[in-house]
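Report on one structure; see the data block that follows.
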Amino acid sequence: MALLPPILPEKEEWYNDLPCGYLTTSVDGIILEVNETFLKIIGCTRDEIISKCSFQEFLSIGSKMYYETHYRPLLQMQGIVTEVNLVFIRRDESQTHALVNTKQIKNKQSLVNQIMIFEITQRKVYEQELFLMKEKAEALAEELRISNENLVKQSHLVRSQNERLEVLNETKDKFFGIVCHDLRSPLNSLKSLTYLLLRQYDSLTQAQISKMMSELNHSLEGTIKLADNLITWASLQMREAKACPETVSMDELLTPILGIYKAVYEAKEIRVNYQLADGLKVYSDPNQLAFIVRNLLSNAIKFTPVGGSISIVGTYETDHHLRLLIKDSGAGIPKHIADKLFSMMAKSTRGTEGEEGNGIGLMLCKQFVEMNKGDISFSTDKEGTVFSLLLPANV
Amino acid sequence: MDNTKMVRRNNISISGDHNKVMLFAHGYGCDQNMWRFIAPAFADKFKIVLFDHVGSGKSDKVAYDYTKYSNLQGYADDVLGICETLHLTNVTFVGHSVSAMIGLLAAVKQPDFFEQIIMVGPSPCYLNKEDYFGGFSKNDLDELLHTLNSNYLGWSSTMAPVIMGNPDKPALAKELENSFCNNDPAIAKHFAMVTFNSDNRKDLAKLSINSLILQCTSDIIAPQLVGEYVAGQIKKSTYHLLKSTGHCPHLSAPDETIEAIKNYLERN
């Protein structure tokens, strides 16, 4: 088989007809040589640009900025830059996109840039479509993310509303339970006492009447206390109750309360040991604190057997807190009751002499203590129970 | 912020133990590697400190806070943080392009750290305003963003720079690969917008320390008119026009740049 004659074109023809624009420039970009393909892309003649124009002059303004801030430093650092998309402005001011590769080489004694330019007009249209779709997809993903976030927020809201509803429902049940049972039974006993008085007034002795009146009075006291607690509780549920703290002397607050209960604990022959640090001052809502102490003290009396003892001790715990201990010598709190002592589910327990309560006192105490930025806790065993209050102090 | 955290955040490199410090700050689009032809020339008299702005080069990209870096003061505060944490004093700050203004803002806020500022291709405002020529219009910025977008498609994976042996210049170490252009596209666009929308013309007169302005011939990013404006507004300034063209004389004409800085330091 005969060899085919060589088909490579002459060097100049080969250079001029390359299927890409080809330039040689100084490192500053001054055009030293170009091929025909580049001249066709740009729409200029050789004489117009050789040694007269720089490569950068044919770039759009955005590409010029990119060239100076990225392309040229990179080229000077590395000696080569490839695959950068620049926009060229033709002589007729139309634009064309091209990929530009540049390599710095040593020509005789000086460095020159060899630049190849590949037009990517068709590819660019496709790229722009892809770019738009990518942007759209990103926008959609962002929308999804936001709506997902909203969904999560709403489900949290629904859950917390549900929890709140459950609490409200329990509260309502408790309220009805108390109203149905605890409020009705003292009223029934009141009614039977008054009935007895009405029907048999003439046949009763003065002493019997006096005893019945005393029972009537006692029963009324309990009913009033229950009503008080219910009202306080209801008001706590119905509005955003607030604590209005002020600096109060503990002694001035406690002494009147002890006075109220004096008759009751003396009737049970209970010794009361009352001991406060000098000048002990608390920073709390005085009405709420009085409510707490009344409840704790009446509980202590209620569960201390005849002839027992109660101690009330107040000391500074830190520079900013005081501790008030109310200790009884009762039989202790059974575990099943102790576990939910401060909760809505607590039930009233009868006292040593059959004293009645309504099972919401301690729950309210805890709410008030927390509103006053304090803490309530207790410890209990067969020797008795200690309730401990930690409250902000004012030294 | 402690020392190690800051060194990691700004990819700080320190060499030498001279009392006087030369602190180099790169411009938009680049990183600290661009100082490699300049910094060694001053290592005999200065402790050399180089760093990358957060979001550029090998800085900690996670530390890029779009609010903090929504103006140049955020970057200036980083410069002051670096001086404070590394106990740098007697600092000669060398800032290229946008970093010239970052250095100026830092020196206006706390001049005590600095002896002088050398500004390479500074511009206080790139956009044309009523009576002021900055060189660019808002449309030009949009075009730059388009170009950035076009070149971030597949940029990071295919743009691995080829390191070539160049007898005129020291060979680039292997670890420098990619660091020049692997900036996060979103951060790069944000930095571009913050840079080219900045206007610090009013701050120029507040600079109290000495400064050298190195202006290139035919620089489209910071044209000669802008360099002259900067020199006119700053009180204790020296203006020097370099023969080098373009925006990065420290890369295209390192010898001329070094000579200009040395001459200035000798006279001051």
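The values are calculated or read from the model by the stated rules, or taken from the named source; none is laboratory data. Owing to the predicted nature of the structure, the values given are computational and were not obtained by experimental measurement. All Cβ positions, even for glycine, are placed from backbone atoms using ideal geometry, and neighbour counts span all protein chains on display.
With touching a Leu at 6+ places or on another chain (Cβ under 8 Å), among the hydrophobic types (A, V, I, L, M, F, W, C) and in contact (Cβ under 8 Å) with a residue 24 or more places away in the chain as the only criterion, which of B:A222, B:A260, B:A253 stands out?
Residue meeting the stated conditions: B:A260.
Scanning for something away from every other protein chain (no Cβ under 14 Å), at pLDDT 95 or above and under 15 Å from the mean Cα position of the chain (by Cα), does the range B:56-67 turn up at least one residue?
no
Which helices (runs of 4 or more DSSP H) sit wholly inside the range B:101-200 and have at least 3 residues that are at pLDDT 50 or above and among the acidic types (D, E)?
B:138-151
Looking only at the range B:228-268, count how many residues are part of a helix (DSSP H, G or I) and touching a Pro at 6+ places or on another chain (Cβ under 7 Å).
Residues that pass the stated criteria total 4.
In the list B:L86, B:L104, which residue meets the criterion of being surrounded by 23 or more Cβ atoms within 10 Å (Cβ to Cβ) and in contact with a strand residue (DSSP E or B) (Cβ under 9 Å, 6 or more places away or on another chain)?
B:L104
Kindly indicate whether any position in the range A:356-376 is at pLDDT below 90 and farther than 29 Å from A:V248 by Cβ.
Within the range A:356-376, one or more residues are at pLDDT below 90 and farther than 29 Å from A:V248 by Cβ.
Please name all residue pairs, on different chains or six or more residues apart, with Cβ atoms under 8 Å, provided the first residue is in the range B:84-101 and is within 14 Å of another protein chain (Cβ to nearest Cβ) and under 19 Å from B:S198 (Cα atoms) and the second residue is part of a loop (DSSP other than H, G, I, E, B) and among the aromatic types (F, W, Y).
B:S97/B:Y28; B:V98/B:Y28
State all residues of the range A:261-279 that are more than 45 Å from the chain's Cα centre (by Cα) and at pLDDT below 90; if no residue qualifies, say none.
If the condition is that a residue be more than 45 Å from the chain's Cα centre (by Cα) and at pLDDT below 90, then A:K262, A:A263, A:V264, A:Y265, A:E266, A:A267, A:K268 are the ones that fit.
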